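Values quoted throughout were computed directly from the atomic coordinates according to the rules given, and no laboratory measurement underlies them. Since this is a predicted model, take the numbers as computed values, not measurements. Note: ideal-geometry Cβ built from the backbone for every residue, glycine included; neighbour counts use all protein chains shown.
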Amino acid sequence: MIVTETETKRVVNIHCDGACSGNPGPGGWAALLTIPGTKKERMISGKAETTTTNNRMELTAAIEGLKALKKPCNVTLFSDSTYVIYTMTKKWKRNANQDLWEELDKLAKVHEVTWIWLARNSTPELTECDRISKQESTK
């Protein structure tokens with residue numbers, strides 16, 4: 001049997017969300033990393049150091065989720081942000097946040113990423129990320 005590079009990569013799901021209290025205002029982000037078929041999960045989160053926007057927090061959540069992976073993985077990244085998902089899948093124009101788009105592009109090249117848009121709070125994982133990102137934005 002021949003094992004391809006893709007078959008040897010770990011499969012990881014990342015659910016992520018960003019929040020902003022006011023837009024602009026204080027912001028927070030959260031990402032839940034899980035390995036499908038196991039109970040292994042890891043929640044990471046943080047807040048913006050300065051006034052920020054919701055779009056920057058959505059991007060930061062995706063970036064930090066991918067940065068948390070130590071080796072190249074097959075990733076399914078779930079977000080309720082059309083800004084993030086459709087820019088990555090439908091090539092929406094990038095008018096702002098160029099620094100974050102460049103970082104996300106670099107990370108997406110390390111991993112095999114499938115980008116999935118889900119409606120806000122449509123899964124328990126997204127609901128938890130929403131709760132934590134809002135909590136981070138008010139710290």
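Which one, Pro36, Pro72, Pro26, has the greatest fluctuation when you compute a Gaussian network model over the chain with C-alpha springs under 10 angstrom?
In the Gaussian network model the winner is Pro36.
Once you've got the Cα coordinates, tell me which of Lys39/Lys109; Lys91/Lys139; Lys90/Lys139; Lys109/Lys139; Lys40/Lys93 are over 30 Å apart.
Working: Lys39/Lys109 27 Å; Lys91/Lys139 34 Å; Lys90/Lys139 35 Å; Lys109/Lys139 33 Å; Lys40/Lys93 36 Å.
Over 30 Å apart, Cα to Cα: Lys91/Lys139; Lys90/Lys139; Lys109/Lys139; Lys40/Lys93.
Restricting attention to segment 21-74, which GluC sites (Glu not before Pro) occupy a DSSP loop and are surrounded by at most 14 other Cβ atoms within 10 Å? Walk me through the numbers before you get to the answer.
Values: sites: Glu41, Glu49, Glu58, Glu64; in loops: Glu49.
Passing sites in segment 21-74 are Glu49.
When the chain is modelled as a GNM with alpha-carbon springs shorter than 10 Å, which of Cys16, Cys129, Cys73 fluctuates the most?
Sorting by GNM fluctuation, first place goes to Cys73.
As an exercise, use a Förster radius of 22 Å and the Cβ-Cβ distance of Lys71 and Ile35 to find the FRET efficiency, rounded to the nearest 0.05.
Values: r = 13 Å, r/R0 = 0.58.
Result of the calculation: an efficiency of 0.95.
Enumerate by residue number the chymotrypsin sites (Phe, Trp or Tyr not before Pro) in segment 57-121 meeting two conditions: DSSP loop (anything except H, G, I, E, B), and at most 15 other Cβ atoms within 10 Å of the site's Cβ. Don't jump to the answer; show the numbers that get you there.
On the way: sites: Phe78, Tyr83, Tyr86, Trp92, Trp101, Trp115, Trp117; in loops: Trp92.
Within segment 57-121, the qualifying chymotrypsin sites (Phe, Trp or Tyr not before Pro) (loop, at most 15 other Cβ atoms within 10 Å) are Trp92.
If you take every DSSP beta bridge whose two residues both sit in segment 1-85, what share of them, in percent to the nearest 5, is antiparallel?
The antiparallel fraction comes to roughly 70 percent.
Once the principal axes of the Cα atoms of segment 5-120 are found, what is the range along each, listed largest first in whole angstroms?
42, 30, 25
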